[in-house]
Amino acid sequence: MKEIKISDTVQYVGVDDKTLDLFEGQYKTPNGISYNSYVIFDEKIAIMDTVDKRATYEWTRNLEGVLDGRAPDYLVISHMEPDHGANVKNLTEKYPEMKIVSNAKVFTMLTQFFHMDFSDRGIVVKEKDTLELGTHTLQFFMAPMVHWPEVMVTYEQSEKILFTADAFGKFSTLDIEEDWTDEARRYYINIVGRYGMQVQNLLKKVKTLDVRKICSLHGPVLDGNLEYYLEKYSTWSSYEPEDKGVLIACASIYGNTAEAARKLEAILKEQGAGRVVFCDLTRDDISQAVADAFRYDRMVLASVTYDGHLLPCMEDFLCHLELKNYQKRKVAVIENGSWAPAAGKLIRGYIEGMKNVEICETSVSIRSSAGEEDVKKLGTLAKELLQ
């Protein structure tokens with residue numbers, strides 16, 4: 001286990017999983033994921049969450065190593081998703097005197113996951129309740145739908161540490177040296193992104209606290225320039241564009257639609273668009289495409305017509321945007337079809353149902369491959385997109 005320093009009395013016992021290729025069965029994790037768990041030592045000992053069953057052996061070894069023969073008094077459960085709650089039953093069997101501390105919704109889910117009644121050893125907490133460990137005091141704040149209904153966060157008052165469940169988490173294991181923002185953005189938009197209002201509610205609670213460190217259930221301990229991380233979460237959860245720029249999301253079969261989209265990319269750059277990002281939806285990671293769609297203030301959707309419908313990768317992309325509450329952006333549409341182009345109408349059907357999305361009036365409908373008139377229209381579309 002890589003040593004993660006939190007404090008003299010709060011120790012990290014999590015696990016890096018380098019073998020996980022898909023998070024939640026759909027999001028690529030080329031650098032794996034960390035399952036974070038913590039132990040607070042005082043007159044009473046509290047374990048902060050367990051880990052995924054994939055990491056049971058290593059986590060148990062880490063936990064026993066820091067406990068050094070002592071028995072924990074409490075297990076605090078902030079989130080019951082199986083990548084964090086899988087070892088609750090194992091831990092209760094190993095330490096029969098240990099109490100489980102969480103909210104009522106967690107105890108309902110415990111019964112659902114393990115088909116056991118934990119109420120005889122449970123301590124049910126509500127908003128702002130506290131638990132004394134000695135010199136450490138835990139205070140609990142409910143965070144429903146960030147991103148499950150039972151989620152809560154825990155504030156340790158003496159050391160000013162906020163244990164945030166999945167909030168402020170990111171992809172990658174902890175031994176990977178990389179900037180927090182890109183993988184945290186991809187994680188947030190794809191995992192939590194639908195629940196912006198609920199994240200905003202949590203941020204309001206966090207702003208009332210003097211937080212010095214943030215300990216998430218995925219990703220590194222955040223202990224410097226916390227305003228930066230809070231600001232990113234405020235931007236993401238309010239659905240405001242993070243940067244000025246254009247994402248071109250393209251679904252092409254034989255390359256003609258992609259050629260037109262690339263031509264628009266060149267025109268946009270010539271017209272001073274600044275950042276233009278091209279995404280091939282047939283090959284590129286869809287979770288990165290979704291993250292970029294939320295990152296930038298403008299987007300181009302370019303798709304061939306396929307069996308009278310959208311190419312499935314474009315439809316999948318639009319479904320993801322709809323699911324994650326895409327809004328407050330400007331969007332342009334390019335369609336292609338050799339005999340009955342329908343992609344533009346179908347794309348607009350998705351976009352028109354989204355909140356505060358402006359669709360460019362200029363229509364570019366290509367028949368098989370882009371000709372001179374189509375290129376002129378692409379120039380007009382670029383101007384409108386950049387207005």
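Structure data summary
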item: Complete set of residues in the range 365-387 that are of a type in the set (Val, Ile, Thr) and within 20 Å of Ile253 (Cα to Cα); result: Ile366, Val375
item: Among (1) open to solvent by less than 10 Å² (accessible area, probe 1.4 Å); (2) touching a residue at least 60 places away in the same chain (Cβ under 8 Å); (3) aromatic (Phe, Trp, Tyr) - the single one Phe294 does not satisfy; result: (1)
item: Lone qualifier among Lys128, Lys213, Lys204, Lys160 - being closer than 27 Å to Asn325 by Cα and open to solvent by 40 Å² or more (accessible area, probe 1.4 Å); result: Lys204
item: Tyr95 vs. criteria in contact (Cβ under 8 Å) with a residue 40 or more places away in the chain and among the hydroxyl-bearing types (Ser, Thr, Tyr); result: no
item: Pair list, Cβ under 9 Å, 6 or more apart: the range 311-332 residue in contact (Cβ under 8 Å) with a residue 60 or more places away in the chain and among the basic types (Lys, Arg), other residue in a strand (DSSP E or B) and open to solvent by 60 Å² or more (accessible area, probe 1.4 Å); result: Arg329/Glu358
item: Members of the range 82-115 that are of a type in the set (S, T, N, Q) and either in contact with a strand residue (DSSP E or B) (Cβ under 8 Å, 6 or more places away or on another chain) or buried (at least 19 other Cβ atoms within 10 Å of the Cβ) (or both); result: Asn87, Thr92, Ser102, Asn103
item: Hits in the range 100-111 (condition: under 14 Å from Asn87 (Cα atoms) and without any contact (Cβ under 8 Å) to a residue 40 or more places away in the chain); result: Ile100, Leu110, Thr111
item: Qualifying residue in the range 315-327 (condition: touching a Lys or Arg at 6+ places or on another chain (Cβ under 9 Å), open to solvent by less than 10 Å² (accessible area, probe 1.4 Å), modelled with pLDDT of 95 or more and under 28 Å from Ser368 (Cβ atoms)); result: no
item: Unique residue being over 22 Å from Gln200 (Cβ atoms) and touching a His at 6+ places or on another chain (Cβ under 7 Å) when the list is Glu132, Glu156; result: Glu156
item: Residue list for the range 235-262, restricted to those being open to solvent by less than 40 Å² (accessible area, probe 1.4 Å) and in a helix (DSSP H, G or I); result: Thr235, Trp236, Ser237, Thr257, Ala258, Ala260, Ala261
item: Count - residues of the range 116-125 that are open to solvent by 80 Å² or more (accessible area, probe 1.4 Å) and closer than 21 Å to Ala143 by Cα; result: 1
item: Meets criteria (within 18 Å of Asp175 (Cα to Cα), under 19 Å from the mean Cα position of the chain (by Cα) and of a type outside the set (Ser, Thr, Tyr)) for Asp17; result: yes
item: Top-ranked residue of the range 1-49 - restricted to ones that are within 13 Å of His136 (Cα to Cα) and in a loop (DSSP other than H, G, I, E, B), ranked as most open to solvent (accessible area, probe 1.4 Å); result: Glu43
item: Entirely in the range 132-217, the strands (runs of 3 or more DSSP E) that have 3 or more residues that are of a type in the set (Gly, Ala, Ser) and in contact with a Leu (Cβ under 8 Å, 6 or more places away or on another chain); result: none
item: Criterion (in contact (Cβ under 8 Å) with a residue 24 or more places away in the chain and either surrounded by 21 or more Cβ atoms within 10 Å (Cβ to Cβ) or of a type in the set (S, T, N, Q) (or both)) met by exactly one of Arg194, Arg185; result: Arg185
item: Asp223 vs. criteria free of Cβ contacts under 8 Å to residues at least 12 places away in the same chain, surrounded by fewer than 16 Cβ atoms within 10 Å (Cβ to Cβ) and over 20 Å from Ser102 (Cα atoms); result: yes
item: Cβ pairs under 6 Å, 6+ apart, first in the range 112-140 and within 15 Å of Ser78 (Cβ to Cβ), second polar (S, T, N, Q) and part of a strand (DSSP E or B); result: Leu138/Thr154; Gln139/Thr130; Phe140/Thr154
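The values are calculated or read from the model by the stated rules, or taken from the named source; none is laboratory data. The shown structure was predicted, so the numbers you read here are calculated from the model rather than taken from an experiment. Here Cβ is always computed from backbone atoms with ideal geometry, including for glycine, and neighbour counts include all displayed protein chains. These area figures cover heavy atoms from the full protein model, side chains too; ligands, DNA and RNA do not enter into them. Shrake-Rupley method; radii C 1.70, N 1.55, O 1.52, S 1.80 Å.
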